[in-house]
Every structure is written in C-alpha cells, then in structure tokens.
Amino acid sequence: MRTLILTAGLFLALSARAQTQDPGHGHETHGGHEAPGEPSAPGGHEAHEAQEAHGAHGAGHRGHGGGESLEVRSLRDIPLMRRGSGTSWQPDLIPPSMLHWDVAGWGFMFQGLLFGGYDVQSGPRGDSAFTALGWLMLMVNRELPSGQLVGSIMVSPEPFTAGADGGYPLLLQTGETYQGEPLRDRQHPHELFMELAVSYSHYFSDTWGLLLYAAPAGEPALGPVGFPHRASAWYDPLAPLGHHWQDATHISFGVLTAGLLTPTAKLEFSWFNGREPDEDRYGLDLRAPDSFSVRLSANPTARVSAQVSYGFLRSPELLEPDVSLHRLTASATYHAPFGSRGFWATTAIYGRNVEGEEAPTDSFLLESSLDLDGHHVVFGRTEYVRKAGHDLVLPEALEHSVFDVGNLVLGYVYNFGPFGPVRPGVGVRGALNVVPEGLEPFYGSRTPVGGMVYVRLTPAGSPPMGNP
C-alpha cells in the first residue's frame with residue numbers, strides 16, 4: 001500500500017509540473033482542436049537534425065523543434081512513436097525507421113527489423129547455427145474529436161527460421177522450455193503473433209486523459225521497451241541475458257491495461273495472463289488473466305524516458321505451475337542526434353525476480369548504439385545477472401545455488417543505401433562472457449566467447465506521406 005501511495009504521489013507531482021510550466025509559444029489548430037503549437041527551434045545544426053528525426057515519427061501528430069527545448073504540452077502533441085512496445089514509452093526523439101502514409105483520415109505505419117546470419121557460441125555448452133530473427137509490424141491510428149484510436153499487428157518469422165532445437169545458440173541464456181525441458185544456453189524464438197492489440201486514448205483536456213489497451217497478444221505495463229524494439233538495441237540481433245528479469249512479458253496472451261495520462265507522465269495498471277508462451281509458436285496461448293502489474297513512466301524531455309514497474313506473475317512457468325513470481329524493474333533511456341547525420345541511443349535497466357521460496361536474483365544492463373554518420377554504426381552491451389542453478393539446468397546439487405554471470409558485447413554495422421524504402425546492412429557481433437569458478441567445468445572456461453556475422457534489413461524511414 002505504501003508503494004502505491006508513493007507511486008501515485010510521484011505521478012501527481014509529474015502531472016503538476018507538466019500543467020504549470022509556462023507555455024512560451026503560440027497555438028495552432030490540429031484535427032479541429034486547438035493545441036499548443038511548435039516551439040521555436042534553437043539555431044544550429046543539432047536542432048535541425050532533432051526536428052527532422054522527430055517529425056518523421058509524428059504519425060498523426062506534428063513534429064517539433066528539437067533538442068532539450070522540446071516540451072510536449074498537450075496530449076495531442078505526443079508523437080505516436082513515443083510508444084515503444086505495447087504501451088511502454090521511449091524518448092520522443094527517434095531516428096526515422098518507418099514508412100508512413102495517410103488514407104482517408106487514417107494513418108498507416110509500417111516498421112520492421114530483420115537479421116539473418118551465422119551464430120557461433122564456444123565451449124561444451126555452445127553450438128553454431130544459421131538463424132534469421134526479427135519482426136514486422138503494421139500500425140494504424142485515427143485522430144478522433146475526443147482522443148486517438150490505435151490498432152497494431154506484429155508478426156515474427158522466428159518460429160520458421162530460429163526454432164530448431166528450441167532456439168538459437170546463446171551462452172548463459174535461460175528461460176522457457178523445449179521438448180518438456182528447460183532451455184539453457186539458447187534463446188527461444190518469438191511467437192508468430194507478437195502483438196494483436198487495440199488501444200484508445202481519451203483526452204479529458206489537453207493535460208490529462210485515460211488510456212485503454214486490450215490485446216489477445218500484447219504487452220502488459222511491466223518493464224522497459226522490449227529489447228527487439230529499443231533503439232539502443234536495434235543493431236544487436238541477439239537477446240540480453242537478463243531478458244527474463246526485465247522485459248520477458250513483452251509477449252503475453254491476454255492483456256488489459258488502463259492508465260492515466262499527462263503529456264509527460266503515465267501511470268498504468270495491467271491485468272494479464274502471466275503464463276509464458278508454450279513451445280507451439282504459431283497459435284495464441286490464451287488463458288484467463290491471473291496476474292497484475294503497475295508502471296509509472298515519465299518523459300521529462302524529448303531525449304529522456306524512464307520507468308519503474310512491479311508485476312506479480314502467477315504460475316509463469318509451465319514446468320512449475322505452483323510457483324509464482326514477483327518482478328521489479330527500473331530503466332532509463334537517452335536519445336540524441338550525433339554529428340550531421342548520426343544518432344546515439346543508450347538504455348540502462350535493472351530487474352529483480354523473486355521466485356517462490358528462492359532467494360531474489362538481480363540483473364543489470366547497459367547498452368548503447370552510436371550511428372556515426374548514417375552508415376557506420378558501433379554498438380555495445382554489458383550485463384551482470386545472478387542466475388540460479390535450476391535456471392542454468394545444472395545438476396541437482398547446484399539447483400539452488402546462485403551464480404554471478406556477465407558479458408561484454410561489441411559490434412559494428414555498415415548500412416548501405418537506402419535503396420527505395422529499405423536500408424540493408426552487414427554486421428558483426430562479438431561477446432566475451434564471464435562465469436565464476438563453479439561454472440568453469442560446464443563451460444570449459446571462465447571466459448567463453450560467442451560471435452555472429454549477419455545481414456540486416458530495415459525500412460529506410462520517411463517523413464509522413466499522403467495528405468497531412
């Protein structure tokens with residue numbers, strides 16, 4: 001109860017800040033309603049880049065002048081692309097990454113990210129495989145007199161391209177099952193249907209409103225933007241080791257969410273199916289909602305987004321139906337233009353799981369991608385995770401022991417083109433994993449390594465097309 005009171009108090013404080021700041025600029029009419037207009041952009045190259053990147057993602061909303069001066073003062077000014085995955089928020093400042101067109105008052109947006117390459121993981125628990133990963137999403141939105149309606153469908157090829165032996169090789173990765181046994185040192189493929197959802201935002205005024213989200217396949221209000229959709233992870237094809245401590249609920253079959261909105265803060269509550277997807281990746285594993293979560297998100301500037309969330313997942317594991325889980329997460333993301341054509345995105349995440357009677361386990365992640373000039377990209381990720389012996393599928397004597405594991409990932413991508421609506425690229429990723437002495441016999445080294453060479457394909461990004 002004390003946590004909920006503190007959360008509500010912080011939400012109200014952020015709301016008050018959004019409503020009391022001096023507008024400092026004029027107004028314009030949008031969709032038949034008067035809303036705050038664009039602030040005057042500061043001079044200089046960085047402001048132009050920020051405006052260009054942000055405006056390309058308005059998706060039914062106006063773009064804004066860039067940099068730290070941008071302040072969204074009306075709910076109608078929130079860019080649709082602030083939504084990262086499900087209803088999670090990311091910074092408003094985002095590089096072009098979608099195709100957008102308007103038809104008869106409806107806005108259509110197409111996004112996607114595909115990887116294909118050869119994955120090699122060393123040591124006795126390692127493996128190698130050709131694999132193809134990614135997702136494709138179509139989103140449609142409509143501005144209404146009282147708010148905004150959004151529908152989305154997202155699919156993944158991974159059940160067909162990354163499902164052999166339960167998923168692609170990834171040292172120290174854990175979570176979900178294959179052939180009735182826990183997966184270890186492999187990342188499970190995503191479901192064919194990653195999202196089937198509709199949401200409605202109702203505006204009681206320019207400064208506060210109500211969000212409703214319903215999804216047979218979707219994401220509850222728990223955790224940061226899912227790793228496949230974070231700009232800081234756009235160039236890394238492989239999942240974080242702390243995925244099941246941070247954002248594993250980004251595909252849940254049966255989600256209902258309600259939230260209170262202001263231009264800079266959001267408080268959400270979700271009721272959802274807490275069971276992880278089964279091994280059949282082609283259907284919808286619908287069950288009655290049995291779990292809940294609460295999340296407070298804030299976007300104090302165009303460059304920054306942060307969240308803190310708590311969730312209770314009843315019976316998430318198929319193999320342990322009597323064990324429930326408490327999850328706590330906190331994260332912050334920073335986006336900024338870099339140079340004349342580049343972009344920098346960084347995310348920090350903390351996640352904690354309290355599973356049944358087991359000792360709590362924690363995870364920490366810091367990841368970043370730096371597009372130097374529109375073609376050359378460097379990226380990296382470092383993690384520290386405390387994983388139990390049963391997660392790593394160790395012998396019975398070690399099942400309840402907890403091990404500190406981590407990794408350091410570095411990579412490079414060269415982007416070609418763009419060629420029409422698409423931008424291909426080629427990349428390489430290397431990982432240095434670190435395990436304690438107690439795991440050395442299983443991994444053959446205290447520092448097992450992994451790597452991947454791959455091609456990458458994404459929409460080139462474009463400003464809105466068609467009628468404004």
- Item | Condition check for A330: over 16 Å from the mean Cα position of the chain (by Cα) and either within 17 Å of Q246 (Cβ to Cβ) or surrounded by 18 or more Cβ atoms within 10 Å (Cβ to Cβ) (or both) | no
- Is it the case that P157 is under 30 Å from W106 (Cβ atoms) and in contact (Cβ under 8 Å) with a residue 60 or more places away in the chain? no
- Message: I need the full set of residues from segment 413-427 which are at pLDDT 95 or above and loosely packed, with under 15 Cβ neighbours inside 10 Å, in order please.
- Response: Y414, F416, V426
- Within segment 388-401, is there a residue that is part of a loop (DSSP other than H, G, I, E, B), surrounded by 14 or more Cβ atoms within 10 Å (Cβ to Cβ) and touching a helix residue (DSSP H, G or I) at 6+ places or on another chain (Cβ under 6 Å)? yes
- Query: Mind checking which pairs have a first residue in segment 191-210 that is within 18 Å of M154 (Cα to Cα) and open to solvent by 10 Å² or more (accessible area, probe 1.4 Å) and a second that is modelled with pLDDT of 95 or more and part of a loop (DSSP other than H, G, I, E, B), Cβ under 7 Å, 6 or more apart or different chains?
  - Reply: L192/S156
- Would you call G430 more than 16 Å from Y235 (Cβ to Cβ) and modelled with pLDDT of 95 or more? no
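The values are calculated or read from the model by the stated rules, or taken from the named source; none is laboratory data. All values derive from a computational prediction rather than experimental measurement. Glycine also receives a Cβ, built like all others from the backbone with ideal geometry; neighbour counts cover every protein chain displayed. Ligands, DNA and RNA are stripped out before the accessible areas are found, and what is left, the full protein with its side chains, is counted by its heavy atoms. Shrake-Rupley method; radii C 1.70, N 1.55, O 1.52, S 1.80 Å.
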